[in-house]
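The values are calculated or read from the model by the stated rules, or taken from the named source; none is laboratory data. As the structure is a prediction and not an experimental result, all values here were calculated from the model. All Cβ positions, even for glycine, are placed from backbone atoms using ideal geometry, and neighbour counts span all protein chains on display. Accessible surface is based on the protein model in full, side chains and every heavy atom, while ligands, DNA and RNA are left aside. Shrake-Rupley method; radii C 1.70, N 1.55, O 1.52, S 1.80 Å.
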Amino acid sequence: MAENIIGQEYSQIVNLDTAFMPCFLSRFLKDAAEPLVGNFISLSIAELLDKVQDQSLEPEYVNVPSAFLDSTFIGMRQWLTPWWHSSVLPDGGYPEFYLKHCCGFDIAELQQNVQISADKRLAKKAKSSQVIGLCLTHSEDGYIYPHTAELKKLLQQQGYEVWVRADSHDNPVTLLKMMSASDLVVCKSSGDRWYAQAVNCPVLLITATAEPAVLMPDFATEQRAPCPKHALQYSDMINEKLPCDCDKAEDLTESIVSIFEHLAEEAESENHG
């Protein structure tokens with residue numbers, strides 16, 4: 001990727017990502033004297049390789065952003081703080097906080113919507129039933145929701161039209177179209193939350209260990225400790241005997257039914273208002 005980027009001879013390259021591998025790539029570009037702006041790892045590529053070879057690289061350096069993250073954005077240190085506890089939260093939520101306060105971009109008005117046509121098949125289904133998207137194959141807390149198949153079955157028994165993220169074939173345009181035709185998207189902490197917001201589709205966040213205030217979903221489950229059976233930190237001892245502490249599919253189904261009842265009441269109030 002670095003070779004391809006360098007070959008384009010860009011006048012500026014901006015890395016907004018905060019994950020290790022994108023920051024590793026941007027550090028490679030920075031060390032190659034490319035015009036890089038944004039985030040990169042604090043070690044040079046040569047220093048990193050030396051530490052790998054002599055086995056002195058700490059695991060935290062790869063896994064914990066506060067250990068590896070460096071940036072040309074002077075406000076990036078704010079990203080490492082619990083900014084959501086501030087008394088004044090940005091109206092635009094995390095995107096506004098990140099782009100304006102961390103990156104220092106001069107954004108007069110943050111436009112977060114994407115104009116895109118709804119998926120035709122789902123839009124047709126939406127005329128007779130409510131459409132729900134289960135986008136549970138990604139999660140920033142290291143483990144995915146394990147009961148998607150059961151949740152889908154229970155929702156279908158309730159009469160909902162249900163699709164899963166795999167139906168989009170990982171095509172962002174297709175995913176946005178499917179979300180645009182939906183009445184609710186269920187996801188964990190991931191980019192899917194922002195895809196849904198871009199097309200004004202309500203979101204139920206399976207919160208798990210995430211902080212709801214960062215993602216500002218329309219609806220959210222309660223925070224939980226990492227699941228002993230499925231969380232990444234317990235991966236070395238995963239077995240059937242460990243208890244699963246993930247939200248039960250039955251409970252989520254009840255919550256979704258309540259959400260649609262709530263949305264129907266709101267719509268009725270607006271119509272009478």
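What to note about this one:
- Helix screen, the chain: DSSP H segments with Cα axial length of 15 Å or more and mean Kyte-Doolittle hydropathy at least 0.0 are 20-31.
- Solvent-accessible area per residue in region 1-156 equals 62 Å², computed with a 1.4 angstrom probe and all protein chains kept.
- Average Cα contact separation per residue, the chain, under 8 Å, 6 or more apart, as relative contact order %: 12
- Computed with a 1.4 Å probe on the full set of protein chains, the accessible area for I45 sits at about 20 Å².
- Here, region 1-58 has an Rg and a Dmax of 12.0, 37 Å when only alpha carbons are counted.
- Radius, Kirkwood style, for region 70-209 when every pair of distinct Cα atoms is counted (Å): 16.7
- Placing T72, T221 in order of accessible area, with the largest value first and a 1.4 Å probe, yields T72, T221.
- Proximity of backbone amide H atoms, modeled 1.01 Å from N, is registered between A220 and L205 at under 5 Å, excluding neighbours fewer than 5 places apart on the same chain.
- Sorting W163, W83 by accessible area puts them as W83, W163; the probe is 1.4 Å, largest comes first, and only protein heavy atoms count.
- With 31 Å as the limit on Cα-Cα distance, the pairs of K51/K100; K127/K153; K127/K229; K30/K188 that go past it are K51/K100; K127/K229; K30/K188.
- Note on region 32-105: Cα convex hull, mean projected area over all directions, 6.1 nm².
- Isolated cysteines of the chain, defined as having no other cysteine beta carbon under 4.7 Å away, are C23, C102, C103, C201, C227, C244, C246.
- Cα gyration tensor of the chain - equivalent ellipsoid semi-axes, whole Å, descending: 36, 24, 19
- Dividing the summed -39500 (n - 2.57) terms of all DSSP H runs of n ≥ 4 by the residue count of the chain sets its mean residue ellipticity at 222 nm at -10000 deg cm²/dmol.
- Considering only the chain, percent of DSSP beta bridges that pair antiparallel, nearest 5: 15
- Cα-based equivalent ellipsoid of region 165-273: semi-axis lengths in Å, sorted from largest, via gyration tensor: 29, 18, 12
- Probe 1.4 Å - accessible area at T137, Å² to nearest ten: 80
- Partners for K124 among aspartates and glutamates (Cα-Cα distance below 16 Å; same-chain residues under 8 apart left out): E161, D183
- The accessible surface of region 75-206, taken with every protein chain in place and a 1.4 Å probe, is 50 percent carbon and sulfur.
- Our Cα-only numbers for region 6-155 put the radius of gyration and Dmax at 20.6, 63 Å.
- Under a model in which nothing but the beta-carbon of Lys, Arg (+1) and Asp, Glu (-1) is charged, the chain shows a dipole of about 620 debye around its Cα centre.
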